[in-house]
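The values are calculated or read from the model by the stated rules, or taken from the named source; none is laboratory data. Bear in mind that the values here come from a model prediction, so they are computed numbers and not experimental data. Cβ: placed from backbone, ideal geometry, glycine included. Neighbour counts: every protein chain shown.
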Amino acid sequence: MLINAIHWNVDPVALQLGSFGLRWYSLMFLVAFALGYYIIDRMFKHEKVNENYLGSMLVYIFLAILVGARLGHCLFYEPGYYLTSEHWLEIFWPFYKGQFVGFQGLASHGAAIGILIALWLYWKKYNMNPWWFLDRLVIVVAVGGAFVRLGNLFNSEIYGTVTDLPWGFVFERNREVLPKHPTQLYESLSYFIIFGVSLCYYIRKKGQFKTGTIFGWWLVALFGARLLIEFVKNDQVDFEAGMFLNMGQLLSLPFIIGGLVIAWLAHKEKLPQGPFPKGENALIVAKWKEENEKKSKSK
């Protein structure tokens, strides 16, 4: 037995009730979403923004993350498997051999693209400044990513290459015999740090800063960390073998470059400021007011 290593053999299913199995990964995802909602809700209350916007926005974001992350994995990493007549239904089918297993295979880059599309659609309907919202959303996305990577650890997946460092993990569930870099923990720790720094900046500025500042530098920090950690991570799919930069790193580069551009635009104050630079959508506000009045009368 290797002494200078951590032997890891945790069951990925946290709770089994008949054919339903709640995996640690799904549990971490739910914890991340609940914590993110709480933090964003506090921000909206602090900045006196109607909370109805948050409720409707979260529907957009939740669907964007789920659909974007799943499609990202299937299209970027395993198109040869999922884009076939035999397996395309498995893209959004959360059952395997009659058991609920959730979606095993989610790509953060796909989730990021999905969120950007959702925010664009939301902006067109509600007039809310997407840059303003992104500055706040990415703070909780960082902590969400940290919990999701912990879920990957419980699944004994997405780990690194062989290491002789004392914190190497022997993933016994996968019949590994040599310690590997626990890259899930590397990413999780990086994301927790990014979350802490971003939140402290928001609190210190009391929510008053140049729009795009947090979002721009957040992109650079998070995808920069992802790019570096990928150097000690195992290839996720066969075609990455022999590549100097793997798929995760290649997908990270546009986000890093985009982050630098956004940070520069924020510094020059070239992005619209405040949550509603063109004013709120009067029809939406009137509708919410009418609904609240009806609820008040029914009580």
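Against the test of being among the small types (Gly, Ala, Ser) and crowded, with 23+ Cβ neighbours inside 10 Å, the options Gly207, Gly216, Gly160 yield a single qualifying residue, Gly216.
The residues of the stretch 147-178 that are in contact with a Ser or Thr (Cβ under 6 Å, 6 or more places away or on another chain) and in contact (Cβ under 8 Å) with a residue 40 or more places away in the chain, listed by number, are Arg149, Leu150, Tyr159, Gly160, Phe171, Arg173. Listed conditions (1) modelled with pLDDT under 80; (2) surrounded by 17 or more Cβ atoms within 10 Å (Cβ to Cβ) are all met by Gly68, apart from (1).
Under the condition of being buried (at least 16 other Cβ atoms within 10 Å of the Cβ) and within 27 Å of the chain's Cα centre (by Cα), the residues counted in the stretch 169-182 number 6. Which residues, taken from the stretch 20-40, are of a type in the set (Gly, Ala, Ser) and under 14 Å from the mean Cα position of the chain (by Cα)? Ser26, Ala32, Ala34, Gly36, listed by residue number. Selection over the stretch 1-54 of residues that are within 30 Å of Lys206 (Cβ to Cβ), without any contact (Cβ under 8 Å) to a residue 60 or more places away in the chain and of a type in the set (A, V, I, L, M) gives a count of 2. Out of Leu17, Leu54, Leu83, report the one residue that is closer than 24 Å to Ala107 by Cα and either surrounded by 12 or more Cβ atoms within 10 Å (Cβ to Cβ) or more than 18 Å from the chain's Cα centre (by Cα) (or both). Testing whether each residue is closer than 24 Å to Ala107 by Cα and either surrounded by 12 or more Cβ atoms within 10 Å (Cβ to Cβ) or more than 18 Å from the chain's Cα centre (by Cα) (or both) leaves just Leu83.
Condition check: surrounded by fewer than 22 Cβ atoms within 10 Å (Cβ to Cβ) and closer than 21 Å to Phe255 by Cβ. Does Leu185 satisfy that? Spelling it out, it is not the case that Leu185 is surrounded by fewer than 22 Cβ atoms within 10 Å (Cβ to Cβ) and closer than 21 Å to Phe255 by Cβ. Kindly indicate whether any position in the stretch 246-255 is without any contact (Cβ under 8 Å) to a residue 40 or more places away in the chain, out of contact with any helix residue (DSSP H, G or I) (no Cβ under 7 Å at 6 or more places or on another chain) and assigned to a loop (DSSP other than H, G, I, E, B). No, the conditions are met nowhere in the stretch 246-255. Being among the β-branched types (Val, Ile, Thr), under 27 Å from Ile158 (Cβ atoms) and at pLDDT below 90: is that true of Ile39 here? Answer is no for this residue.
In the stretch 275-282, the count of residues that are loosely packed, with under 13 Cβ neighbours inside 10 Å, more than 25 Å from the chain's Cα centre (by Cα) and assigned to a helix (DSSP H, G or I) is one or more. Of the residues making up the stretch 260-296, just one is within 23 Å of Gly55 (Cβ to Cβ), hydrophobic (A, V, I, L, M, F, W, C) and touching a Lys or Arg at 6+ places or on another chain (Cβ under 9 Å), namely Ile284.
Under the condition of being under 12 Å from Gln184 (Cα atoms) and not in a helix (DSSP H, G or I), the residues counted in the stretch 121-160 number 6.
Within the stretch 212-239, residues that are more than 26 Å from Pro277 (Cα to Cα) and among the polar types (S, T, N, Q) sit with their Cβ atoms under 8 Å from residues that are at pLDDT 90 or above and not in a helix (DSSP H, G or I), at 6+ positions apart or across chains, in these pairs: Asn234/Tyr159; Asn234/Gly160; Asn234/Thr161; Asn234/Lys180.
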